[in-house]
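The values are calculated or read from the model by the stated rules, or taken from the named source; none is laboratory data. Not measured: the values here are computed from a predicted model. Please note: Cβ atoms are built from the backbone with ideal geometry, for glycine as well, and neighbour counts cover all protein chains shown.
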Amino acid sequence: MTRRGWILLGAMGVIWGVPYLLIKVAVEDVTPAGVVLARTAIGALLLVPFAWRQGGLRALRGHWPAAVAFALLEIVGPWFLLSNAERTLSSSTTGLLVATVPIIAVVVGRLVDRQHVAAVRWVGLTVGLGGVAVLLGPGAAADDAWAVVQVILAAVGYAVAPIIAERRLGTVPAIPLTTACLAMSALVYLPIVLVTGPHPVPGTPAVLSLVTLGVVCTALAFVLFFGLIGEVGGARATLVAYLNPVVAVSLGAVVLDEPITWGVLAGMALILLGSAAASRRSRPADEPEAELLPRALRGAPAHQPPEAPDGVRPPGPVEADQLPAFPHSGPAGSDVTPRRPPG
């Protein structure tokens, strides 16, 4: 991997590991709906110029029902659930729970497509769920349990949305799809925020967190990730997903003084090991070795190479399968599972 590739990989590991910290700070002063509105509105506005160059809304002609369903499962639901859960859960715990997406994807693939699940992936499912149990511990409060359920529901959305993307949105360029979904999500939460007002003026930390979520963790993240794919290829680019939980736990401890207990460390190890095993596919005789690398935590809207921003080389035929629609958050399971966290 080139030096530029390593730099981009490290940058994306941080950028997509930061949202959990920022959300935790923002929900101290802003409602979960307000957090989602700010992030989606800022991200959509900044991506409009890129989307315009790739056909704008014309690129979604004939695909609006699927795009709406995708937005509901990838942004509208998960981003609210994560924000609401972080009113109770620590940012590090939330980041680790989102890393269960590929584990959940094993079950989704089995139920939706009746896919054959290899033994190693069942082992990954078991190990990952064990990691969740270790992470929470036996003394979890009822409020914590409900918050965990919300994060798991968000992860289910992240696991299902790529199925819609793969089957119904395969010809839609990534940036116009992303921009449209962000804009639709903002329109969903705008009336909710207005009706539930008036809201107190948030403090400076919350405002800075919201701006950073929209500018850095949403808009800038897409442009940089396309650059990473162009530099190192889609398979290697997905390694960023395994950096995100580590960044989330580290930032939670350093910035918010969240404790790093043996339970957190053991839970993180088990969840990441389970995710890696759940992401593993059987290798056909003619499949490149690179394709066996773990995928990231976000859904891929297309198998065809999407158009990229100016100056970024679009990925080749193999790489396009790895291109995510959203950051997630966030490593992945079946052949149609999410590739992120954003949180």
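Is at least one residue of segment 216-231 over 19 Å from Leu177 (Cα atoms), under 21 Å from the mean Cα position of the chain (by Cα) and in a loop (DSSP other than H, G, I, E, B)? Looking through segment 216-231, none of the residues is over 19 Å from Leu177 (Cα atoms), under 21 Å from the mean Cα position of the chain (by Cα) and in a loop (DSSP other than H, G, I, E, B).
Across segment 190-206, what is the total count of residues that are of a type in the set (A, V, I, L, M, F, W, C), part of a helix (DSSP H, G or I) and surrounded by fewer than 16 Cβ atoms within 10 Å (Cβ to Cβ)?
Count: 3.
For residues that are of a type in the set (Ser, Thr, Tyr) and either buried (at least 22 other Cβ atoms within 10 Å of the Cβ) or at pLDDT below 95 (or both), scanning just segment 207-224, find the one that is farthest from Gly77 (Cα to Cα). For segment 207-224, the residue satisfying everything is Ser209.
Cβ-Cβ contacts under 6 Å between residues 6 or more apart (or on different chains), taken from a first residue in segment 123-135 that is over 7 Å from Ile271 (Cβ atoms) to a second residue that is surrounded by fewer than 23 Cβ atoms within 10 Å (Cβ to Cβ) and modelled with pLDDT under 80, are absent. Suppose we filter segment 11-44 for residues that are farther than 22 Å from Leu243 by Cβ, among the hydrophobic types (A, V, I, L, M, F, W, C) and outside any helix (DSSP H, G or I); how many remain? Selection size over segment 11-44: 2.
When you check Leu57 against the structure, is it under 15 Å from the mean Cα position of the chain (by Cα) and part of a helix (DSSP H, G or I), yes or no?
Judged against the criteria, Leu57 is not a match.
Taken as a whole, the structure places Gly230 among residues that are buried (at least 17 other Cβ atoms within 10 Å of the Cβ) and modelled with pLDDT under 85.
State whether one or more residues within segment 45-52 are more than 20 Å from the chain's Cα centre (by Cα) and assigned to a loop (DSSP other than H, G, I, E, B). The answer is no; no qualifying residue exists. Just a yes or no: is a residue in segment 67-84 outside any helix (DSSP H, G or I) and surrounded by fewer than 22 Cβ atoms within 10 Å (Cβ to Cβ)? No. Name the pairs whose Cβ atoms lie under 9 Å apart, with the first residue in segment 217-230 and under 17 Å from Val35 (Cβ atoms), the second modelled with pLDDT of 80 or more and of a type in the set (D, E, K, R), and 6 or more positions between them or separate chains? Close Cβ pairs satisfying both conditions: Cys217/Arg39; Thr218/Arg39. When only residues in segment 34-63 that are out of contact with any helix residue (DSSP H, G or I) (no Cβ under 7 Å at 6 or more places or on another chain) and modelled with pLDDT under 95 count, which is nearest to Gly95 (Cα to Cα)? The selected residue is Pro49. Of everything in segment 116-138 that is farther than 14 Å from Ala105 by Cα and within 21 Å of the chain's Cα centre (by Cα), the residue that is modelled with the lowest pLDDT is Leu135.
Take Val172 and tell me if it is outside any helix (DSSP H, G or I) and either crowded, with 24+ Cβ neighbours inside 10 Å or of a type in the set (Lys, Arg) (or both).
yes
Which of the residues belonging to segment 1-33 are in contact with a Pro (Cβ under 8 Å, 6 or more places away or on another chain) and either modelled with pLDDT of 90 or more or not hydrophobic (A, V, I, L, M, F, W, C) (or both)? Correct list: Ile15, Gly17, Pro19, Val25, Ala26, Glu28, Asp29, Val30.
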